[in-house]
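Written below as structure tokens is the structure these notes are about.
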Amino acid sequence: MQPKKNIVHLPVYKPGKPMEEVKRELGLTEVIKLASNENPFGCSPKAKEAIIANIDQVSIYPDGGAVDLTAAVAKKFQVETNQVIFGAGSDEIILMLARAFLVPGDETIMAFPTFPQYKHNAEIEGAVCIEVPLKEGSHDLPAMLAQINDRTKIVWLCNPNNPTGTMNDHQEVVNFLNAVPAHVLVVLDEAYAEYNVSGEYPDSIALIKQFKNTIMLRTFSKIYGLASLRIGYGIGHPEVVRSVNQVREPFNTTGFAQKAALAAIHDEQFIEDCRNANAQGIVYLSEKFTELKLPFYPAHGNFMMVDVQRSGALVFDALLRKGLIIRHDPSWQLPTMIRVTVGSQEQNEKFINALQEALHEVAVGV
Ligand SMILES: *Cc1c(COP(=O)(O)O)cnc(C)c1O
């Protein structure tokens, strides 16, 4: 047997320890997970009702074209239905884009550090990844532009960027798109867009209408609180969407996910409440980080990256022992940084208390 040689080096995804196991091992009664940018308030009750109401449909294949949900999303964003595509999370749309557009030897450009799935899927297709370091935590768009050549197929913009939480504003993205040649597809990954309260966030629907070589990705996993159901979507020019549809598996999203997403999209109050609570959480955490003299990046999603000025790996361990799971990833090459999801106010306070203790336990420096 001989797997593709470009996958042999890829690590197998290591899932985090289940919460129950963490509790048992460390003798904890409560564990708070602020590691995966999930919604601390769950999902809209209407989404749960929709799942229960459709429970008898479990033996029936889902609607492969997600017709009702497509219509609802198209209406919400004032686009045509042939501009919308769904995936098993926006992760699957990233996979399908790589599958549809990249062949061995193609080049693809992304920031560093950013969401790992762009590089992961590009490497599976044998593409060459050009990683452009962030500038002050944000995408360095002029530097990314300078890397484009005849072999470039896709540029990935993660906005807000995961893991830093930073944003590139509308004008920066417009300037970038104006300079990108038409043969290059620009992916605008906006997994946290609904959390944004800045007036400067890109109006990507307007950009998609102006620039045919763009696709915007959104997800129901984050503010909509449906991560377990695996559903996300892309909106772009019909030609781009058609290419993705050509590689899509016929039943790639479940019936429950479609029904729940349809209910969730209509519960605008839930989204507004979550956005407001999150904005307050960012204010609270920013104040506390400032008091603790810890530098942090301006946050535009539902998570914050903070410089703990000592080993992030050791701070992670210290927090875990206190029942708090946050994120520190050596692949970021940011040894003193941790990423924390904005929780409920109660969770945020518990996190800050535990962090204060952890800062005393771990010596400054790495
Ligand atoms: C969470 C996330 C996604 C996708 O999540 P899905 O659950 O697959 O929809 C995509 N991009 C970024 C930057 C994310 O943080």
Single residue of SER90, SER36, SER44 found to be in contact with a His (Cβ under 9 Å, 6 or more places away or on another chain) and within 24 Å of GLY343 (Cα to Cα): SER44
Hits in segment 163-195 - residues which are part of a loop (DSSP other than H, G, I, E, B), within 16 Å of the ligand (Cβ to nearest atom) and open to solvent by less than 20 Å² (accessible area, probe 1.4 Å): PRO163, THR164, GLY165, THR166, ASN168, GLU190, ALA191, TYR192
Residues located in segment 150-159, provided they are surrounded by 24 or more Cβ atoms within 10 Å (Cβ to Cβ) and over 17 Å from ASP329 (Cβ atoms): ILE154, VAL155, TRP156, LEU157, ASN159
Scope segment 215-242; condition open to solvent by less than 30 Å² (accessible area, probe 1.4 Å) and away from the ligand (no atom under 16 Å from the Cβ); matching residues: VAL240, VAL241
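Can you tell which of SER44, SER90 is within 16 Å of the ligand (Cβ to nearest atom), open to solvent by less than 80 Å² (accessible area, probe 1.4 Å), among the hydroxyl-bearing types (Ser, Thr, Tyr) and within 23 Å of the chain's Cα centre (by Cα)? Break it down stepwise before answering.
Details: SER44 fails: within 16 Å of the ligand (Cβ to nearest atom).
Testing whether each residue is within 16 Å of the ligand (Cβ to nearest atom), open to solvent by less than 80 Å² (accessible area, probe 1.4 Å), among the hydroxyl-bearing types (Ser, Thr, Tyr) and within 23 Å of the chain's Cα centre (by Cα) leaves just SER90.
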Segment 322-344, subset touching a residue at least 60 places away in the same chain (Cβ under 8 Å) and open to solvent by 80 Å² or more (accessible area, probe 1.4 Å), residue nearest to ALA35 (Cα to Cα): ARG327
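Which residues, taken from segment 274-319, are on the phi > 0 side of the Ramachandran plot and surrounded by fewer than 17 Cβ atoms within 10 Å (Cβ to Cβ)?
To start, the set of residues in segment 274-319 that are on the phi > 0 side of the Ramachandran plot comprises 293, 309.
Answer for segment 274-319, where residues must be on the phi > 0 side of the Ramachandran plot and surrounded by fewer than 17 Cβ atoms within 10 Å (Cβ to Cβ): just LYS293.
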Cβ-Cβ under 6 Å pairs, at least 6 apart or on other chains, segment 254-277 side at pLDDT 95 or above and in a loop (DSSP other than H, G, I, E, B), far side open to solvent by less than 20 Å² (accessible area, probe 1.4 Å) and not acidic (Asp, Glu): ASP267/SER44
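Let me confirm something: among GLU131, GLU136, GLU107, GLU80, which residue is acidic (Asp, Glu), in contact with a strand residue (DSSP E or B) (Cβ under 6 Å, 6 or more places away or on another chain), farther than 18 Å from VAL247 by Cα and open to solvent by 40 Å² or more (accessible area, probe 1.4 Å)? Please lay out each step first, then the result.
Values: GLU136 fails: in contact with a strand residue (DSSP E or B) (Cβ under 6 Å, 6 or more places away or on another chain); GLU107 fails: open to solvent by 40 Å² or more (accessible area, probe 1.4 Å); GLU80 fails: in contact with a strand residue (DSSP E or B) (Cβ under 6 Å, 6 or more places away or on another chain).
Of GLU131, GLU136, GLU107, GLU80, the one residue that is acidic (Asp, Glu), in contact with a strand residue (DSSP E or B) (Cβ under 6 Å, 6 or more places away or on another chain), farther than 18 Å from VAL247 by Cα and open to solvent by 40 Å² or more (accessible area, probe 1.4 Å) is GLU131.
The values are calculated or read from the model by the stated rules, or taken from the named source; none is laboratory data. Keep in mind the model is a prediction, meaning the values are calculated, not measured. Positions of Cβ are generated from backbone atoms using ideal geometry, with glycine treated the same way; all protein chains shown enter the neighbour counts. Each accessible area value is taken on the protein alone, full model and side chains, heavy atoms only, with ligands, DNA and RNA left out. Shrake-Rupley method; radii C 1.70, N 1.55, O 1.52, S 1.80 Å.
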